[in-house]
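Coordinate-derived values only; no laboratory data. Treat the numbers as computed from the prediction; the structure is a model and nothing was measured. Every residue, glycine as well, gets a Cβ built from its backbone with ideal geometry; the counts of neighbours run over all protein chains shown.
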Amino acid sequence: MSDINNRVRKQIMGYIISQAISVVCELGVPDELANECRSLPDLAARVGADADALGRFLRVLVAEGLFAEDGAGRFALTEAGELLRVDTPGSLCHLVGLMSNEAYVAWGHSAHSVRTGKESFTEAFGKPYFEWLSENPSAADEFDRCQAGLVEVRLLPLLNRNWTEATTVVDIGGGEGTLITRLLRNHAHLRGILFDLPHVVSESASKFCSADIGDRTSVVGGNFFEEVPQNGDVYVLSQILHDWDDESAGKILSNCRRAIPESGRLLIVEQVLPEVATAHPMALLDLHMLVLLGGRERMATEWRRLLSDHGFTLESITAGPRSSVIEAVPA
Ligand SMILES: C[S@@+](CC[C@H](N)C(=O)[O-])C[C@H]1O[C@@H](n2cnc3c(N)ncnc32)[C@H](O)[C@@H]1O
């Protein structure tokens, strides 16, 4: 069969690869192979799998370069497969979590997004994603844990900026508080306000207000479509606006504009899409945001316009290894 024919077949069947990755991660296979190779019966017994079926899943992922099989039927992780371990620095296992389960089910309904421009999650589950999460605590815990796991990589351009002029940072939609905790630990003069939905902050509060930074923190539950806390001078929106279409993102920005002092700053930690279509991984995330939430990733020109439509001037974009920091001031 021609290369082109094979390539298109693989593209058509691509979800089998991502689901195979999801399943082996759910079983904990990459962690069982940390620093050692194992025979299939041993590995299957450790993760509670059928040895024949596990071998067939793993061989698909051997072909993808994530696992290796030696001549004696033992499996090991490759360098790429190491990224699926929970404790590898820069691990992608949290991304696997976010792409699996309910997100994968929503993709089964994705024709709805193409036809309507709206999210498919609501079509599949009868209510929007964040509302559904508030009624499904174990999925919500997993979502918060996965988001927190990805914060480390997002944080770098934020941690490295100059914080000397800042006093109080408000982390809007800050989830478990991982980002603001790191920020306060790195910059001892900063105070922090963690803001998220009431059911999210009720879980985060005890962790965030931990002993070493507890006297510099406060936690506020609320809805960013109604209002956001006053009294900050730097407002952080990390992976928030891409969850929403321009109208909803605009409401969040307008509420930030009402709360922020004239001398304040808005720091948006998000992806910036290239102006020309490429096989950029962020283009996949753009579609995922549409299908899951009706949201979108944005190009620099779109960021500039969205901000100026809601009272901010885009000052700079600092690229990081994954996300960028888009810095804006009241117009
Ligand atoms: C994609 S997560 C980002 C979490 C975190 N900022 C990060 O960088 O990992 C979006 C966050 O927005 C919060 N959120 C969703 N709707 C909200 C609302 N109406 N008001 C306040 N927070 C909301 C969610 O609970 C979640 O923590």
Item checked: Where Gly232 falls short, out of the listed (1) within 12 Å of the ligand (Cβ to nearest atom); (2) in contact with a strand residue (DSSP E or B) (Cβ under 9 Å, 6 or more places away or on another chain) -> (1)
Check: So is Gln271 of a type in the set (S, T, N, Q) and buried (at least 19 other Cβ atoms within 10 Å of the Cβ) or not?
Finding: yes
Item checked: Filtered residues of region 241-265 (kept if within 14 Å of the ligand (Cβ to nearest atom), in contact with a strand residue (DSSP E or B) (Cβ under 6 Å, 6 or more places away or on another chain) and touching a residue at least 60 places away in the same chain (Cβ under 8 Å)) -> Cys256
Next item on the list: Can you run down the residue pairs with Cβ atoms below 6 Å, 6 or more apart or on separate chains, where the first is in region 33-62 and closer than 13 Å to Thr78 by Cα and free of Cβ contacts under 8 Å to residues at least 60 places away in the same chain and the partner is of a type in the set (S, T, N, Q) and surrounded by 17 or more Cβ atoms within 10 Å (Cβ to Cβ)?
Entry: none
Margin query: Checking Asp196 against (1) more than 9 Å from the ligand (Cβ to nearest atom); (2) among the acidic types (Asp, Glu); (3) crowded, with 18+ Cβ neighbours inside 10 Å: exactly one of these is not met. Which one?
Written below: (1)
Item checked: Residue identified as assigned to a loop (DSSP other than H, G, I, E, B) and within 9 Å of the ligand (Cβ to nearest atom) among Asn223, Asn162 -> Asn223
Next item on the list: Select from region 105-145 the residues that are surrounded by 18 or more Cβ atoms within 10 Å (Cβ to Cβ) and within 11 Å of the ligand (Cβ to nearest atom) and list them in ascending order.
Entry: Tyr129, Leu133, Ala140, Phe143, Asp144
